[in-house]
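Working notes, beginning with the structure itself.
The values are calculated or read from the model by the stated rules, or taken from the named source; none is laboratory data. None of these values were measured; they are calculated from a predicted model. So basically every Cβ, Gly included, is an ideal-geometry build from the backbone, and we count neighbours across all protein chains shown.
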Amino acid sequence: MLSARGLTKEYQSGTTRLAVLRDVDFDIPQGTFVAIVGPSGSGKTTLLGLLAGLDLPTRGTVSLDGSDLTRLDEDARARLRGEKVGFIFQSFQLIPTLTAAENVQVPLELRGDDDASSRALDLLQRVGLGDRIDHFPAQLSGGEQQRVAIARAFANQPRILFADEPTGNLDGATGARIVDLLDQLNRESGATVVLVTHDLTLAEHAQRVIRLKDGVVVEDRPSQGQ
Amino acid sequence: MKRRAGFGVLLTLAWRESRTARRRLALYMSSISLGVAALVAIDSFSANVQDSIAEQSRALLGGDVNLRARNGFTPAVDSILDSLKTAGIPSAKVVSFASMATTSRSGGTRLAQVRAIAPGYPFYGVVETAPAEAWVALQQGPNALVDPSLLISLDAQVGDTLGIGFGRFVIQGTLVNVPGDPGIAATIGPRILIPDRYLAETQLLGFGARAEYEAVLRLPANTQSPLWVAPLRPRFEAANVRVRTVVENEMDLTEAITQLARFLGVVGLVALLLGGIGVASGVNAFVQRKIETVAVLRCLGASSAQVLTIYLIQAAAMGLAGAAVGAMLGVAIQFVLPQVMGDFLPVDVSVRLSARAILMGLAVGVSVAVLFALRPLLSLRRVSPLQAIRRDDVALAASRRRDSWTWITNLALVASVFALAIDRAATTQQGIGYAIGILLSIGVLTASAALLSSLTRRLASKRWPYVIRQGVANLHRPASQTRAVVLALGFGSFLVTTIILVQANLLRSFDLTAAASRGNLVFFDVQEDQERGLDSLIRAHGAGVVSSTPIIVMRIVAINGIGNDAYAASKAIPQRFWGLRREYRSTYRDSIVPTETVLTGTFHGAAVPRDTIFEFSLEREMASELKLSLGDTVTWDVQGVRVRARMTSTREVDWGRFEPNFFAVFQSGAIADAPKQFALIAAVTSDTTVARMQRNAVRAYPNVSSLDLSLVRRTIDQIVRKVTLAVRFLALFSFAMGVPVLFSAVAATRRDRLREGVLLKTLGATRTQIGRILLAEYALLGILGSLSGMLLAFGGAWALVTFVFEDSFTIAPVPALMIAGAMTLLSISIGFLTGRDVFRETPMAALREA
């Protein structure tokens, strides 16, 4: 379960305070596929950062699987991420100096898993990249890089997966395949998926859509595709 | 419960993650290589020299104990030596003096250093000769062994007869190596070895002759020479014999080498710290590139400590590689050092690898690399995982914030500078002084860099051409390497200029010395009855006598009527102070000469004082050491006759000049009747006349020696050339050590420059315009860095020349400006070399990469 209560994030800009997110409240039950949508500047990425514990809110709380993220320090949040959270980024964010397999191994190795390499191989095969394990990110296409990122995100069997505009840098067909893959892995693993996107068509692949505008939740409804 | 990743996993991650950065990191870390090379080379070389001294210490002294006297051994000393011989402790004597050597076949003459040696000398070590059997042949008759340079200057060969005074010796061979004589000894004056039993035949050690008498003793094996000699020491010293044991000799030589090593070690230390700055500036740029990767690692659950460990492992590994390259270079330099320094060393140095020096170099190199890298790496701990999805300025600013670890690292850096300097210095105080000097220099150069940034920002005028404005603006852009470049250039220029300025000042005094002499041929050891004849001989060759100076030998016996020992006790002067025991060679005249300046009192005239006590003038330092005041009387023993004289003036004497100079100058009436010798200076116009005059003078007066000043000048030139070679080696090294640091600092901004350059190209800038921007930026950096270094060098060189070499300091602007020019050119070249991709890349390719 992921819960946000009175979530507010403000930035100081010169002498004025700028509220990027105001009093956001919602609960996301385990195993749900949720899309957060909204135009550019609506606060989507800020919300994702707060939900994943990448940043702290000015006010309010975030509870992830029973842990209040706002009460944890940076390293404790990092540990929690390592154990329960997976990420997929718009720009893939693969470590350029590591091969596909090594990229997938990183979260496993960071928490001391002994079978990191066999698990990475398994995951890469599941995303259809079993034959590209020794390739470096620069040797892979955009779609392939994002599939490696998805394999990496699922490596530590996360309870929740955050995807920030995962198709933003891909063409339509590849983007659709990526979302299908996300959907499939969500069903297989029972992980909660939080997808941040401005693409409404893509959002309809989710079970629930939360719409943001100017930092406020203006709509929270089941998706029309469901 | 899940475990956290162990060190092994972090090690693997660090290795994998470094794949594309290894070359860049290696470049940054190469900054420390030269520093490590210097330390390894100096420490190994010093260890080698010290080992060689320990091995050859007995050979260096010729025996276990060495006795030395200016005026021969008294019968009392001879009787001690005889009784020791009976007790199984043999001794061998050596008498050394300067004399003219002639050959009848060619008629050549040359002033040489003659050593008359007794059979058995030296007890240790081997005198190497060519042919080898010549050494044994020496003692079998009136034979001589000579330096090869003497054969050349006399146009003689082995088998010829050599004339020394009235003696005749057959040259049996040449000297290859004499233990204890540094290689430069033969340059200063060619050596001649003769058997001591034929010394009397030369008739050169008569009245007033200057000679040094030595005896070496061989003690039974395992005897502690200082303990053995202790009871005899007072008796020897009472007879004006200086005693030296093999242990003392070894300690003195080792101390001299240690001091040289310490001085050079400080240069190495500066190189290492400069390298550290290069590492810091390189790693700083490296960190900027790694922010995204670190943010991703943080998203994936890496703790800040894990992230720091990964990058510290990379820095330490590359630091080790840089230090290892340095150590190898140091070992290579170690093989070159004996060639450069060998002539100045009393021992033959055998090069051996010193494991301690290599390991120390590696350890110090790695710690400096890690410590300097740690400062920029610490900021990686604060990279927010948020930067993986949003790389904004807020997050970057937060990552630059300083916390307690940053301050602890800063303190550790300063502490390490102090620790390294103290380790290199003779005393803690000196080490603290070095460290403060180094930190001050860094401070001055950093302030210069900040000043340049701020001045250019203020002075930059909109009327300046765009390319200049852009070049100037680059100096104060965010993450610019202005400070690191100015530091590297400034330090390099500081060291090179200091070395060259000190060299120029020291050589200038040699130059003045040789040039200022009025005559060019000096005759000395001229007896009273020979003076007139020699004067006529000089004039008969068409030359003029510039001066004829009487020289009278004397000693001090009492001051203000109090005997030497009582006087010394009353004035707290050490009993063994040489000023009270030495033999003075004094003169008389009633006016000062150009090499003197009266400091206190009035220089005496010719008038005989009313109270019949004659007057004399004493050299300033000697008067001060003897604690004499104007009006004090000194009783002199002038070859058996006591002469009481009053000190009425003190003088500053320029000892560096070739004219005869004296501590004590008397009123003419005081000592004019005493037995004396003369030194004559002649002004001779041609080299052939000099040779002819020397030959004829030696024929007429075999005891008279003559010194050709043009030959002295040539000898000085030879020595200067050797010193210059050693100095240039040091200067070149100082120059070289700034280069990797510069490369590292400039390469750190390469990526930003590339982006900026292609952006400018996209906007329509031509390659020439981009070239001019680079030129403006690097020329400014070069000029500021080298000028700051030059100003620091003026201070450093002044301090060295004034306080260490006790000479007057003159700025040599031409070499200083040439070095500044070379440094600026270096800066521009490195700027263009690292920026060359801007010219090569098409805008499209670079923008795609960016």
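Quick notes on this one:
- Some residue of the stretch B:282-289 being aromatic (Phe, Trp, Tyr) and under 16 Å from the mean Cα position of the chain (by Cα): no
- Filter result (outside any helix (DSSP H, G or I), under 17 Å from the mean Cα position of the chain (by Cα) and under 24 Å from A:Thr32 (Cβ atoms)) within the stretch A:62-115: A:Val62, A:Ser63, A:Leu64, A:Asp65, A:Val85, A:Gly86, A:Phe87, A:Ile88, A:Phe89, A:Gln90
- Among the candidates B:Ser734, B:Ser788, B:Ser710, residue that is assigned to a helix (DSSP H, G or I), surrounded by fewer than 17 Cβ atoms within 10 Å (Cβ to Cβ) and not basic (Lys, Arg): B:Ser710
- When the criteria are applied in full, B:Asp64 meets the requirement of being more than 14 Å from chain A (Cβ to nearest Cβ), crowded, with 24+ Cβ neighbours inside 10 Å and charged (D, E, K, R).
- Selection within the stretch A:137-166 - over 18 Å from A:Arg187 (Cβ atoms), in a loop (DSSP other than H, G, I, E, B) and under 17 Å from the mean Cα position of the chain (by Cα): A:Asn156, A:Glu165
- Any hit, the stretch B:110-125, residues being among the aliphatic types (A, V, I, L, M), more than 28 Å from B:Val241 (Cβ to Cβ) and surrounded by 15 or more Cβ atoms within 10 Å (Cβ to Cβ): no
- Considering each residue of the stretch B:559-572 in turn, at least one proves to be among the small types (Gly, Ala, Ser), in contact (Cβ under 8 Å) with a residue 60 or more places away in the chain and part of a loop (DSSP other than H, G, I, E, B).
- Yes/no for B:Ser57 being within 30 Å of B:Ala327 (Cβ to Cβ), at pLDDT below 85, among the small types (Gly, Ala, Ser) and assigned to a helix (DSSP H, G or I): yes
- Extreme residue, nearest to the other protein chains (Cβ to nearest Cβ), among residues of the stretch B:16-26 that are in contact with a helix residue (DSSP H, G or I) (Cβ under 6 Å, 6 or more places away or on another chain) and within 22 Å of B:Phe372 (Cα to Cα): B:Ser18
- One residue alone among B:Arg235, B:Arg289 is within 14 Å of another protein chain (Cβ to nearest Cβ) and touching a helix residue (DSSP H, G or I) at 6+ places or on another chain (Cβ under 9 Å), and that residue is B:Arg289.
- Only one of A:Ala203, A:Ala173, A:Ala191 that is among the aliphatic types (A, V, I, L, M), without any contact (Cβ under 8 Å) to a residue 40 or more places away in the chain and under 23 Å from A:Gly143 (Cα atoms): A:Ala173
- Matching residues, the stretch A:8-41, being in contact with an Asp or Glu (Cβ under 7 Å, 6 or more places away or on another chain) and surrounded by 22 or more Cβ atoms within 10 Å (Cβ to Cβ): A:Phe33
- Selection of the stretch B:1-10 for residues being modelled with pLDDT of 75 or more, buried (at least 19 other Cβ atoms within 10 Å of the Cβ) and within 7 Å of another protein chain (Cβ to nearest Cβ) yields only B:Val9.
- Only one entry of A:Gly112, A:Gly168, A:Gly172, A:Gly82 meets the criterion of being within 14 Å of chain B (Cβ to nearest Cβ) and more than 20 Å from B:Ala388 (Cβ to Cβ), and that entry is A:Gly112.
- One residue stands out in the stretch B:648-674 among those that are of a type outside the set (Ser, Thr, Tyr), modelled with pLDDT of 85 or more and in contact with a helix residue (DSSP H, G or I) (Cβ under 7 Å, 6 or more places away or on another chain): the one that is nearest to B:Phe577 (Cα to Cα), namely B:Phe663.
- Residue match in the stretch B:562-580 (condition: at pLDDT below 90, of a type in the set (Phe, Trp, Tyr), surrounded by 14 or more Cβ atoms within 10 Å (Cβ to Cβ) and out of contact with any strand residue (DSSP E or B) (no Cβ under 6 Å at 6 or more places or on another chain)): yes
- Looking across A:Asp122, A:Asp180, A:Asp134, A:Asp220, one residue alone is surrounded by fewer than 21 Cβ atoms within 10 Å (Cβ to Cβ), assigned to a loop (DSSP other than H, G, I, E, B) and out of contact with any Gly (no Cβ under 8 Å at 6 or more places or on another chain). It is A:Asp134.
- The stretch B:433-476, residues that are farther than 30 Å from B:Leu800 by Cβ, hydroxyl-bearing (Ser, Thr, Tyr) and within 41 Å of the chain's Cα centre (by Cα): B:Ser453, B:Ser454, B:Thr456
- When A:Arg17 is tested against the conditions (1) more than 13 Å from chain B (Cβ to nearest Cβ); (2) touching a residue at least 24 places away in the same chain (Cβ under 8 Å), the lone failure is (2).
- So A:Val62, is it of a type in the set (Val, Ile, Thr), closer than 13 Å to A:Ser3 by Cβ and in contact with a helix residue (DSSP H, G or I) (Cβ under 9 Å, 6 or more places away or on another chain): yes
- The condition of being free of Cβ contacts under 8 Å to residues at least 40 places away in the same chain, under 39 Å from the mean Cα position of the chain (by Cα) and within 30 Å of B:Val496 (Cα to Cα) holds for only one of B:Arg728, B:Arg713, that being B:Arg728.
- Meets criteria (surrounded by 24 or more Cβ atoms within 10 Å (Cβ to Cβ) and within 10 Å of chain B (Cβ to nearest Cβ)) for A:Val104: no
- For the stretch A:52-63, a residue qualifies if it is touching a strand residue (DSSP E or B) at 6+ places or on another chain (Cβ under 8 Å) and either within 15 Å of B:Gly301 (Cα to Cα) or within 8 Å of another protein chain (Cβ to nearest Cβ) (or both), and the qualifying residues are A:Ala52, A:Gly53, A:Asp55.
- Residue among B:Leu13, B:Leu34 that is surrounded by 16 or more Cβ atoms within 10 Å (Cβ to Cβ), out of contact with any Ser or Thr (no Cβ under 8 Å at 6 or more places or on another chain) and within 14 Å of chain A (Cβ to nearest Cβ): B:Leu13
- Residue satisfying all of: in the stretch B:292-321; within 12 Å of chain A (Cβ to nearest Cβ) and among the β-branched types (Val, Ile, Thr); farthest from B:Ala363 (Cα to Cα) among these: B:Val296
- Filter result for A:Thr45 (within 14 Å of chain B (Cβ to nearest Cβ), in contact (Cβ under 8 Å) with a residue 60 or more places away in the chain and surrounded by 17 or more Cβ atoms within 10 Å (Cβ to Cβ)): yes
- One residue stands out among those in the stretch B:192-206 that are among the hydrophobic types (A, V, I, L, M, F, W, C) and assigned to a helix (DSSP H, G or I): the one that is surrounded by the most Cβ atoms within 10 Å (Cβ to Cβ), which is B:Leu199.
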